[in-house]
Amino acid sequence: DPIIFRPERFISDPNPRDFKGQDFEFLPFGSGRRMCPALPLASRVLPLAIGSMVRSFDWVLAHGLNAEEMDMGERIGITFKKAVPLEAIPIPYLAN
């Protein structure tokens, strides 16, 4: 059920990603022999970058919103996007 928030379904993926062109989840990177050579690199570096940002900052929603007031509607195009973009303010986390 894609509507229910269950992030644990992405933690242990029984089907590893196929970067050789048979898995079309990554179509923006192309496929086959002419696919983007940075796809395997991006798939390894992106979790590290996001984890570093989450660990290094406290995040606050912009314009004084709270989580209950966020508009989670979607806009349909080639890919799904949020109808109203998420705006968050990073506040440096100072570990004492």
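Any idea which residue in region 56-88 is farthest from the chain's Cα centre (by Cα), counting only those that are among the small types (Gly, Ala, Ser) and surrounded by fewer than 10 Cβ atoms within 10 Å (Cβ to Cβ)? Quick ask: steps written out before the conclusion?
Keep residues of region 56-88 that are among the small types (Gly, Ala, Ser), which gives 56, 62, 64, 67, 73, 77, 83, 88.
So of that shortlist, the ones also surrounded by fewer than 10 Cβ atoms within 10 Å (Cβ to Cβ) come out as 64, 67, 73, 77.
Details: Gly64: 23, Ala67: 18, Gly73: 17, Gly77: 17 Å.
Among those that are among the small types (Gly, Ala, Ser) and surrounded by fewer than 10 Cβ atoms within 10 Å (Cβ to Cβ), it is Gly64.
Surrounded by 11 or more Cβ atoms within 10 Å (Cβ to Cβ) and over 28 Å from Phe29 (Cα atoms): is that true of Ser43 in this structure?
Details: surrounded by 11 or more Cβ atoms within 10 Å (Cβ to Cβ): yes; over 28 Å from Phe29 (Cα atoms): no.
Here the answer is no, as Ser43 does not meet what is asked.
So Arg55 clears everything in (1) of a type in the set (Lys, Arg); (2) at pLDDT 85 or above; (3) part of a loop (DSSP other than H, G, I, E, B) except one condition, right? Which one?
The number of the failed condition is (3).
Output the residues belonging to region 7-40 that are part of a loop (DSSP other than H, G, I, E, B), modelled with pLDDT under 70 and loosely packed, with under 11 Cβ neighbours inside 10 Å.
Ile11, Ser12, Asp13, Pro14, Asn15, Pro16, Lys20, Gln22
The values are calculated or read from the model by the stated rules, or taken from the named source; none is laboratory data. From a predicted model like this one, the values you see are computed outputs, not experimental measurements. Counting neighbours? That spans all protein chains shown, and the Cβs are built from the backbone with ideal geometry, glycine included.
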